[in-house]
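Engineer: Here you go, one structure.
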Amino acid sequence: MDPEHETWKMTAGCDHAVEYVYQFLDEELTWWHRARIKWHLRRCSHCESAYEFESKLKSVIRQRGRSEPPPELFDTLRALIEEERSNRDQDQGQDDRP
């Protein structure tokens with residue numbers, strides 16, 4: 001087979017795999033699309049590396065998202081909200097003056 005034709009086929013497959021990588025990771029694709037992407041990943045080391053990176057990144061985000069934020073964060077947020085309310089009330093009070 002013509003090597004140029006093979007390169008085009010791989011590039012087209014890469015575009016397809018990249019287009020659906022997040023849906024693939026979230027298992028939101030049909031069986032057929034998943035099978036096609038799996039087939040491509042087995043044959044394309046570039047896409048396989050990209051997939052592994054995205055998979056690990058998603059895993060880290062999922063794990064870190066489960067931890068509770070520190071209590072100080074809530075205290076800081078409350079203080080900032082209160083400060084913003086105070087500033088807004090002062091600004092509105094100045095608007096009422098002649």
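The values are calculated or read from the model by the stated rules, or taken from the named source; none is laboratory data. Note that the coordinates shown come from a computational prediction; the quantities given were computed from them, not determined experimentally. A quick note on method: Cβ atoms are made from the backbone with ideal geometry, for glycine too, and the neighbour counts reach across all protein chains shown.
Engineer: Can you find even one residue in the range 61-82 that is out of contact with any His (no Cβ under 7 Å at 6 or more places or on another chain), surrounded by 12 or more Cβ atoms within 10 Å (Cβ to Cβ), of a type in the set (Lys, Arg) and in the same structural domain as Asp26 (by TED's automatic domain parsing)? Spell out how you get there, then give the answer.
Structural biologist: If we filter the range 61-82 for residues that are out of contact with any His (no Cβ under 7 Å at 6 or more places or on another chain), which is where we start, we get 61-82.
Filter once more, so that each one left must be surrounded by 12 or more Cβ atoms within 10 Å (Cβ to Cβ): none.
So far as the range 61-82 goes, no, none of its residues is out of contact with any His (no Cβ under 7 Å at 6 or more places or on another chain), surrounded by 12 or more Cβ atoms within 10 Å (Cβ to Cβ), of a type in the set (Lys, Arg) and in the same structural domain as Asp26 (by TED's automatic domain parsing).
Engineer: Restricting attention to the range 30-47, report how many residues are touching a Cys at 6+ places or on another chain (Cβ under 8 Å), surrounded by 13 or more Cβ atoms within 10 Å (Cβ to Cβ) and in a helix (DSSP H, G or I).
Structural biologist: Taking the range 30-47 first, the residues touching a Cys at 6+ places or on another chain (Cβ under 8 Å) are 40-41, 44, 46-47.
Restricting the remaining residues to those that are surrounded by 13 or more Cβ atoms within 10 Å (Cβ to Cβ) gives 40-41, 44, 47.
Still in the list and also in a helix (DSSP H, G or I): 40-41, 47.
Count: 3.
Engineer: For the condition among the hydrophobic types (A, V, I, L, M, F, W, C), part of a helix (DSSP H, G or I) and modelled with pLDDT under 80, what is the one hit in Val18, Val60?
Structural biologist: Val18
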